[in-house]
């Protein structure tokens, strides 16, 4: 059964183009993806992200459990701090990429919508004692993201909280539009922004308040189409396209989330072996030299030989050129390497670049 977020009726009333995504009916766009994309880059936009999953880890053994479940090191996290990390299988394949919130006695894991059930089952399989509790809060939680250079100005109209005191990738608890909730200075667009977590029954109240507060900054609702193009301009990975169980964090350019010097965690031995042997392929970022759109699964070529495959690609609204990512043979992954993307039988010249593609974001 395809599920609906608490904002579904609002999306429908606004005339959004709604599609099935990760088991939910979600708005892909309201106007045009390009216009919504540029709105985020220039001022502010609002995303419904209620399809994302929220899993609470509690109990006396919560810290040790999360530390062993993820590749990054949660030791330095202060209370309220947020960490991006991967969760791996024993063979190093990626279960999911996620956010870990340190809430003091508990840890909130925010996971991808398509992986909620899988992630929860994986975590249950790792639990070895009763001193760890796992609670899936996904259905009861609404998640709204306010993203763009004017995001703090919008938030200032909704709360008396000292917003400048919240650093990037930190969270707080306070009243937003009269409702107490947790909110964080996070996002996946490359711009400043906040993500609001609150009970699903408050969805309409919060939506209306956020839209009123954003009106003077030309704020508007933004669909998942623009969210995808925004994240790709920053070369942020998308689970199911750029990363999955067949890829590992090292080849995916997420080695910075893997702390091999911390005590044992799931996948550590495999990742150490992979690093010692050397990577055979790497996820590269590339720009097309001619007009075109590099679609997923298009061949990456070099000297007439296929060396890889595109995983994500768009015509960038900000750069006005075709950009993409894909796994290429390690020897052809260096910055400045000339490659070709095969598009409908034609080889389009491209260059491997140092990400992000868009370098003027307020958060990158």
Query - When region 255-353 is reduced to its Cα atoms, the Kirkwood hydrodynamic radius in Å - result: 14.5 Å
Report task. With a cut-off of 18 Å, note down the residues of region 59-82 whose backbone N falls inside the zone around a label point 7 Å from the Cα of residue 167 toward its beta carbon. Result -> 73-82
Query raised in the report: Roughly how compact is region 185-286, stated as its Cα Rg over 2.2 N^0.38 Å to two decimals?
Result: 1.49
Requested in this report: Once you have the Kirkwood Rh of the chain from its Cα pairs, apply Stokes-Einstein at 25 °C and 0.890 mPa s and quote D in µm²/s.
Outcome: 115 µm²/s
Query raised in the report: Over what distance in Å are the Cα centres of region 327-364 and region 155-230 separated?
Result: 33 Å
Report summary line: Asserting the computed 222 nm helical MRE of the chain (DSSP H runs at least 4 long, -39500 (n - 2.57) per run, divided by residue count, to nearest 500) equals -5500 deg cm²/dmol
Report task. Arrange the following residues from fewest to most other Cβ atoms within 10 Å of their Cβ: 119, 160. Result -> 160, 119
Query - region 53-107 - Debye-derived log10 I(q)/I(0), Cα point model, q = 0.13, 0.19, 0.26, 0.28 Å⁻¹ - result: -0.29, -0.62, -1.12, -1.26
Report task. Multiply the residue gap between residue 212 and residue 157 by 0.36 nm, knock off their C-alpha separation, and tell me the result in nm, one decimal place. Result -> 18.9 nm
Query - Two-site FRET efficiency, residue 344 against residue 75, from Cβ-Cβ distance with R₀ of 30 Å, rounded to 0.05 - result: 0.05
Query raised in the report: Which value results when the Cα radius of gyration for region 1-49 is divided by 2.2 N^0.38 Å?
Result: 1.18
Report task. Using 0.36 nm per residue of separation minus the Cα-Cα distance, give me the extension gain between residue 1 and residue 137 in nm, one decimal. Result -> 47.1 nm
Report summary line: Once residue 354 and residue 9 are pulled to full extension, the length gained, defined as 0.36 nm per residue separation minus their Cα-Cα distance, is 120.0 nm
**Report entry** Translational D in µm²/s for region 68-175 (Stokes-Einstein at 25 °C, 0.890 mPa s, Kirkwood Rh from C-alpha pairs)
**Finding:** 155 µm²/s
Report summary line: Taking only Cα atoms of region 2-135, the Rg to Rh ratio with Kirkwood Rh works out at 1.05
Report task. At q = 0.23, 0.24, 0.28 Å⁻¹, work out log10 I(q)/I(0) for region 155-205 with the Debye formula, treating every Cα as an identical point scatterer and leaving solvent out; two decimals please. Result -> -0.88, -0.95, -1.19
Query - Length-normalised contact order of region 53-136 in % [C-alpha pairs under 8 Å, at least 6 apart] - result: 41 percent
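Every read-out reported here was derived from the displayed coordinates using simple, explicitly stated rules and does not represent laboratory data. If you're wondering where the values come from, they're calculated on a predicted model, not measured in any experiment. Every residue, glycine among them, receives a Cβ derived from its backbone with ideal geometry; neighbour counts consider all protein chains shown.
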